[in-house]
Amino acid sequence: MQRFLKWVLALLLVVIIIGGGWFWLQRQPSSDSASPRRPIIQKTVRVVGVGDSLTQGIGYDDDHQATYRF
């Protein structure tokens, strides 16, 4: 009897999930009634990096690990 109850509850859960998804999908605005999309405007972007060799990407040659003494 418990096995049958588990199958019924599992089936009920699946039906609720599918029904909820269908209900949510029906409430979504259709793509036809949505506002017209604006065209994509391409812009030129320039990035400037000010710094040293780390900014350029060369790296840090020496591994200057700080030693702290308390």
Checklist entry - Per-residue HN-Hα couplings for the range 8-21, Karplus 6.51 cos²θ - 1.76 cosθ + 1.60 at θ = phi - 60°, whole Hz, x for Gly and Pro? => result 5, 5, 5, 5, 5, 5, 5, 5, 5, 5, 5, x, x, x
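Between residue 26 and residue 41, 0.36 nm times their residue separation minus their Cα-Cα distance comes to what? Intermediate results must be reported in sequence, preceding the final value.
On the way: separation 15, 0.36 × 15 = 5.40 nm, distance 3.28 nm.
Stretched fully, the residue 26-residue 41 segment lengthens by 2.1 nm.
Between residue 13 and residue 48, 0.36 nm times their residue separation minus their Cα-Cα distance comes to what? Walk me through the numbers before you get to the answer.
Working: separation 35, 0.36 × 35 = 12.60 nm, distance 5.58 nm.
Length difference between fully extended and current span is 7.0 nm.
No lab work stands behind these numbers, since they all come straight from the coordinates. Note that the coordinates shown come from a computational prediction; the quantities given were computed from them, not determined experimentally.
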